[in-house]
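See below for the structure under consideration.
The values are calculated or read from the model by the stated rules, or taken from the named source; none is laboratory data. Predicted, not measured: the structure shown is a model, and the values here were computed from it. Reconstructed Cβ throughout: ideal geometry from the backbone, glycine too, with neighbour counts over all protein chains shown. Only protein heavy atoms, including side chains, enter the accessible area calculation; ligands, DNA and RNA are left aside. Shrake-Rupley method; radii C 1.70, N 1.55, O 1.52, S 1.80 Å.
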Amino acid sequence: MSASPAIATRRTLAGLLAAGALIGAAAVPAAADDHRHDHRGSHSSVVIGDVREAGRGHDNRALNREWVEVKNTGRHAVELRGFTLTDEEGNRYRFNGFRLDGKSSVRVHTGHGRDTDRDVYQGRRHQIWDERDTATLRDNRGNVIDTESWGRRGHHHGH
């Protein structure tokens with residue numbers, strides 16, 4: 001007789017847990033979906049600015065005429081350590097310790113050069129940005145912060 005209330009309690013608890021799991025599951029995709037549409041995470045003031053693909057030429061000067069600008073639209077400096085910039089083919093540039101001041105930008109050049117607070121260099125020997133491409137900026141946790149596509153119908157920012 002003492003076993004039956006325990007089973008009933010266990011069933012009720014299982015029912016409540018299942019209901020909780022369903023409610024939780026319903027809430028999660030909505031939150032994830034909101035975040036997915038907002039490619040500029042509202043928490044981030046860092047965005048992709050201008051983009052310049054080099055066209056032809058593989059000498060270092062041509063490679064350095066090719067760049068993607070990363071802008072800080074906020075007033076406060078942002079530490080970009082671990083942030084990455086990738087193209088559609090998965091070529092990736094990773095920022096090491098780099099502090100981007102408020103209301104300023106840095107150009108990420110493809111070729112070789114000496115990093116400054118306005119220009120950094122990937123040190124590549126071949127161009128990576130194509131006439132049709134997408135630049136994706138991710139934070140140090142791998143979350144997409146911003147994307148910029150071009151070459152299809154002009155520049156497309158965001159989604």
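Listed values, structure above:
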item	result
All positions within the range 59-101 that are loosely packed, with under 14 Cβ neighbours inside 10 Å, in contact (Cβ under 8 Å) with a residue 40 or more places away in the chain and over 18 Å from VAL144 (Cβ atoms)	ARG61
Qualifying residue in the range 95-107 (condition: more than 14 Å from VAL51 (Cβ to Cβ), in contact with a Leu (Cβ under 6 Å, 6 or more places away or on another chain) and aromatic (Phe, Trp, Tyr))	yes
The range 130-151, residues that are under 21 Å from GLY82 (Cα atoms), among the hydrophobic types (A, V, I, L, M, F, W, C) and open to solvent by less than 40 Å² (accessible area, probe 1.4 Å)	ALA135, LEU137, ILE145
Checking ARG114 against (1) in contact (Cβ under 8 Å) with a residue 12 or more places away in the chain; (2) part of a loop (DSSP other than H, G, I, E, B); (3) in contact with a Phe, Trp or Tyr (Cβ under 9 Å, 6 or more places away or on another chain), the condition it does not meet	(1)
Hits in the range 102-124 (condition: among the basic types (Lys, Arg) and either within 16 Å of the chain's Cα centre (by Cα) or open to solvent by 80 Å² or more (accessible area, probe 1.4 Å) (or both))	LYS103, ARG107, ARG114, ARG118
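For every residue, the table says whether it meets (1) part of a strand (DSSP E or B); (2) among the hydrophobic types (A, V, I, L, M, F, W, C); (3) at pLDDT 95 or above; (4) under 18 Å from the mean Cα position of the chain (by Cα).
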residue: ALA32; (1), (2), (3), (4): no, yes, no, yes
residue: SER42; (1), (2), (3), (4): no, no, no, yes
residue: ARG56; (1), (2), (3), (4): no, no, no, no
residue: VAL68; (1), (2), (3), (4): yes, yes, yes, yes
residue: GLY74; (1), (2), (3), (4): no, no, yes, yes
residue: ARG81; (1), (2), (3), (4): no, no, yes, yes
residue: GLU88; (1), (2), (3), (4): no, no, yes, yes
